[in-house]
Amino acid sequence: MTSLDGAKVVLGVTGGIAAYKAIEVSRRLVDAGAHVVPILTEGAEHFVGRTTFDALASEKVQTTLWDETSPIPHTTLGQTADLILVAPATARLLADYRMGRSDDLLTATLIATRAPVLIAPAMHTEMWEHPAVQDNLVVLRERGVHVVDPEPGRLAGGDIGFGRLASPASIVAHAERVLAADDLSGTHVVITAGGTREAIDPVRVISNRSTGKQGYALAESAWARGARVTLISTVDREAPIGVTVVPVESAADMHAAVMAVADADVIVMAAAVADFRPANPAGDKIKKTDGAVPEISLEKTHDFLVDLGQSKPAGQVLVGFAAETQNLLENARGKLKRKNLDLIVANDVSAPGAGFAHDTNKVTLVFGNSEEIDVPMGSKRVVADAIFDAVVRVRGTFP
Ligand code: CTP
């Protein structure tokens, strides 16, 4: 469940070639639980049919100020919306909105609302770079309008350049961010994810069953709540929208990457860092024709969460994970104290539907003041949201 669940979103579609992508935006919003009311401008109807939106959105398309059933559709929509999202937004829409012009249903609704507004512009590079367009965007941003910038890529007519509509996934993630509590806004949140891989030789590794799903869900949650997010990951997955991913492989790589951002406001060590690694990794692939079965002797890795706990800057919230198969809470409480953490996420990785590789999880949050909260079985995203609720609470207790 995200901030889009149950939200009424007025989806304005204007007349650009990217209007077809608004169909996917509408579908994704509905999938996220939003109630979507589409408004198509006259221009948009040249590019997409209203039947498609009628079928996919939550209400029938509206197009006009002169609807006989509702004499004031713009104020009704403007007053009841939780969010107005315009995707794609043409140069004309930006100009009209900046000027406060209201000569069609969409522009009138934009003027008749106090709801947050998110616009996703799309146009040819020359138009996007025109000072008039950029000037309009500066003014709109100053007024608090949220903007998802276009991306570089293929444009109408085969040109390549900047101005392509942001991806539907990105637009929906931004919509979620606009509606979410921004209780991590202005903070830098560092999250580690995945199991580290420790080399035996150049082709073989020792690793663990972590897939990074909980870490990625944490990154999505923190970004939605307004944080700047660095995700230090061993996993080859698509980066969550808005998140900076630092790829790493071994515990030593992860250690170095975490130390480079150790001054962050929040650090969540969700990664399953190897406790042991081969002491003498071979420089070349070990061949079976070499003879004997190799014996791999192991050495301890450095537990850098201990270092982070010892040198924790004032105001930082440090969160560890305890992935356990027995004595869950006892082990978690011990780790919390030993590593000087503010919070530890006790995760019974042997429980059905919880832990490594599952899409769901079930944890107990153990706080530095000994308080404990059970987070029931839910998606890893719901668990991530509960972890950041706890992080925000801990931040609130700092002087
Ligand atoms: N961790 C770390 N560096 C390591 C090992 C673990 O930073 N070399 C972090 C993990 O990311 C996790 C926390 O420490 O957040 C707990 O890890 P875990 O291996 O469960 O704890 P240990 O103290 O090593 O306890 P044990 O292996 O005995 O269960």
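The values are calculated or read from the model by the stated rules, or taken from the named source; none is laboratory data. Just so it is clear, the model here is predicted, and its values are computed rather than measured. So basically every Cβ, Gly included, is an ideal-geometry build from the backbone, and we count neighbours across all protein chains shown. These area figures cover heavy atoms from the full protein model, side chains too; ligands, DNA and RNA do not enter into them. Shrake-Rupley method; radii C 1.70, N 1.55, O 1.52, S 1.80 Å.
Some observations on this one:
- Estimated inter-spin distance, Asp67 and Ala252, nm [label 7 Å along Cα→Cβ]: 6.5
- Among residues other than Ser221 with Cβ under 13 Å from its Cβ, the summed charge is -1 (Lys and Arg +1, Asp and Glu -1).
- Accessible area, probe 1.4 Å, largest first, for residues His46, His188, His130, His255: His46, His130, His255, His188
- Set Lys312/Lys335; Lys312/Lys362; Lys300/Lys362; Lys213/Lys300; Lys300/Lys380 screened for pairs whose C-alpha atoms are more than 22 Å apart: Lys312/Lys362; Lys300/Lys362; Lys213/Lys300; Lys300/Lys380
- Helix-derived mean residue ellipticity, 222 nm - over the chain, DSSP H n ≥ 4, -39500 (n - 2.57), to 500: -9500 deg cm²/dmol
- Tilt relative to the chain, helix 328-338 - C-alpha long axis, 0 to 90 degrees, to 10: 80
- Less than 5 angstrom separates the built amide H of Leu83 from those of Lys8, Val10, all sequence-distant by 5 or more or on a different chain.
- Between Glu371 and Thr325, full extension at 0.36 nm per residue minus the direct alpha carbon distance yields a gain of 14.4 nm.
- Amide H contacts under 5 Å for Glu59, placed H, 5+ residues apart: Val36
- Per-residue HN-Hα couplings for the range 211-219 [Karplus 6.51, -1.76, 1.60; θ = phi - 60°; Hz; x = Gly/Pro]: 10, x, 4, 5, x, 5, 5, 5, 5
- Among Asp359, Asp201, Asp82, residue whose mean-square fluctuation peaks in a GNM of the chain (springs only between Cα atoms under 10 Å): Asp201
- Residue-span extension gain [Arg237 to Ala132] - 0.36 nm each, minus C-alpha spacing: 33.9 nm
- Computed on protein heavy atoms with a 1.4 Å probe, the accessible areas place Met123, Met99 in the order Met99, Met123, largest first.
- GNM remark for the chain: springs join alpha carbons under 10 Å apart, and the peak mean-square fluctuation among Thr64, Thr289, Thr244 falls on Thr289.
- Under-5 Å amide H pairs with Leu298, H placed in peptide plane, nonlocal only: Ala279
- Inter-part distance, the range 38-111 to the range 213-245, computed on C-alpha centroids, equals 33 Å.
- Net charge of Cβ neighbours under 15 Å - reference Val306; Lys, Arg +1; Asp, Glu -1: +2
- Calculated from backbone phi, Karplus (6.51, -1.76, 1.60) coupling profile of the range 286-293 in Hz, x at Gly/Pro: 6, 9, 6, 6, 5, x, 4, 5
- Computed about the Cα centre, the dipole magnitude for the range 248-333 is approximately 160 debye when only Lys and Arg (+1) and Asp and Glu (-1) carry charge, each at its Cβ.
- Taking a ≥ b ≥ c as the square roots of the eigenvalues of the Cα gyration tensor, the range 158-254 is oblate, since a/c reaches 1.5 or more and a/b is not larger than b/c.
- Among Ala89, Ala55, Ala257, residue whose mean-square fluctuation peaks in a GNM of the chain (springs only between Cα atoms under 10 Å): Ala55
- A 1.4 Å probe over all protein chains sorts Arg228, Arg277 by accessible area into Arg228, Arg277, starting with the largest.
- Distribution of pairwise C-alpha distances over the chain, 20 Å bins, in %: 25, 44, 27, 4, 0
- Within-14-Å neighbourhood charge of His74 [Cβ basis; K, R +1; D, E -1]: -2
- Across the range 184-191, coupling constants 3J(HN,Hα) worked out from phi with the 6.51/-1.76/1.60 Karplus curve, θ = phi - 60°, read 10, 5, x, 9, 9, 10, 10, 10 Hz, and Gly and Pro carry x.
- Sites Ile160 and Ala95 - FRET efficiency at Förster radius 25 Å, r taken between beta-carbons, to 0.05: 0.45
- Extension gain (nm, one decimal) between Val203 and Asp183, 0.36 nm per residue minus Cα-Cα: 2.8 nm
- For the chain, the Cβ-based charge dipole about the Cα centre amounts to some 500 debye (Lys, Arg positive; Asp, Glu negative; other atoms uncharged).
- The GluC sites (Glu not before Pro) of the range 41-101 that DSSP puts in a loop, and whose beta carbon has at most 15 other beta carbons within 10 Å, are Glu42, Glu59, Glu68.
- Taking only protein heavy atoms and a 1.4 Å probe, the accessible area of the range 8-179 is 53% carbon and sulfur.
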